[in-house]
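The values are calculated or read from the model by the stated rules, or taken from the named source; none is laboratory data. In this text, all values refer to a predicted model and were calculated from it rather than measured experimentally. In this analysis, Cβ positions are derived from the backbone assuming ideal geometry, glycine residues included, and neighbour counts consider all displayed protein chains.
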Amino acid sequence: MKQLVLSVHEGLMYVRLIEDNLDAKGELTNSRKAANVVWLGVDLYSKWLDVDLRKLSVQAESTKEILEKLSDVAKTRFVECKKIYMNQCLKERPSKWPIKVLAANSMYRISQTLLQNCDSRNEMDDERLFEALTVMISDILGACLTNLQRVIFYCLSRAVIEREYCVRKTVHILGETEKIRKLLDQQPVSTLDPDQMACIEEWRSLNDLKISSPFIPSSANSETVFSTSSDLYLTME
């Protein structure tokens, strides 16, 4: 679990870079703030929306019970917050909802998705459930990282006044992400066009069309990149 947290922490550095460059209109500002609030709680305090994950892991008898608790807490928090911000939630699209509402809604949906995996596989043990969580995270990070090349070109095309700084920054990014870019170049990642690849909703629509299993079985000889049809899976190392 510690390695997974470290991997997400590292991946989020590039996610924020990509979002800073592609979300020019600020459409996802609240969503990004909500994600940062939730992640800081997990990363620094082992808490998810004030739920002590360490204490919960000791009290619960199984991983499924932990997910059920998180789902219940998130649902309660979502209902309470939405009542407070009812007018704003009715007027605005979900991406513009208040940070607390977005965070609770996200927590509930993630918990429910994993619980559905449990229910669809009666014999799913903790190890397999953890693997499903890992692949869920890597799917999202992998989708976001496909935009790295676009961000690099964007940085290079900035105004002349900014170019010297942008070039230095871009060279730094190129060096840090060399391995990631090699993985992404090994095969076509998806059928989405560049504009669609920058939108998580488009990836979700593509995911709905998948025929394959929702997670990749573990294997001692597994490759760094897995592919089913045009979908990409990046393992956490």
query: What are the pairs, 6+ residues apart or on separate chains, where a residue within the range 48-74 that is under 15 Å from Ser111 (Cα atoms) has its Cβ under 7 Å from a residue that is surrounded by fewer than 12 Cβ atoms within 10 Å (Cβ to Cβ)?
result: Thr63/Asp126
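Hey, among the residues in the range 1-45 that are hydroxyl-bearing (Ser, Thr, Tyr) and surrounded by 18 or more Cβ atoms within 10 Å (Cβ to Cβ), which one's nearest to Leu129 (Cα to Cα)?
By that ranking, first place goes to Ser7.
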Residues that are under 15 Å from Ser31 (Cβ atoms), assigned to a helix (DSSP H, G or I) and at pLDDT below 90, drawn from the range 90-99: Pro94, Ser95, Lys96
message: Of the conditions (1) touching a strand residue (DSSP E or B) at 6+ places or on another chain (Cβ under 9 Å); (2) at pLDDT 90 or above; (3) not basic (Lys, Arg), Leu40 satisfies every one except a single condition; which number is it?
response: (1)
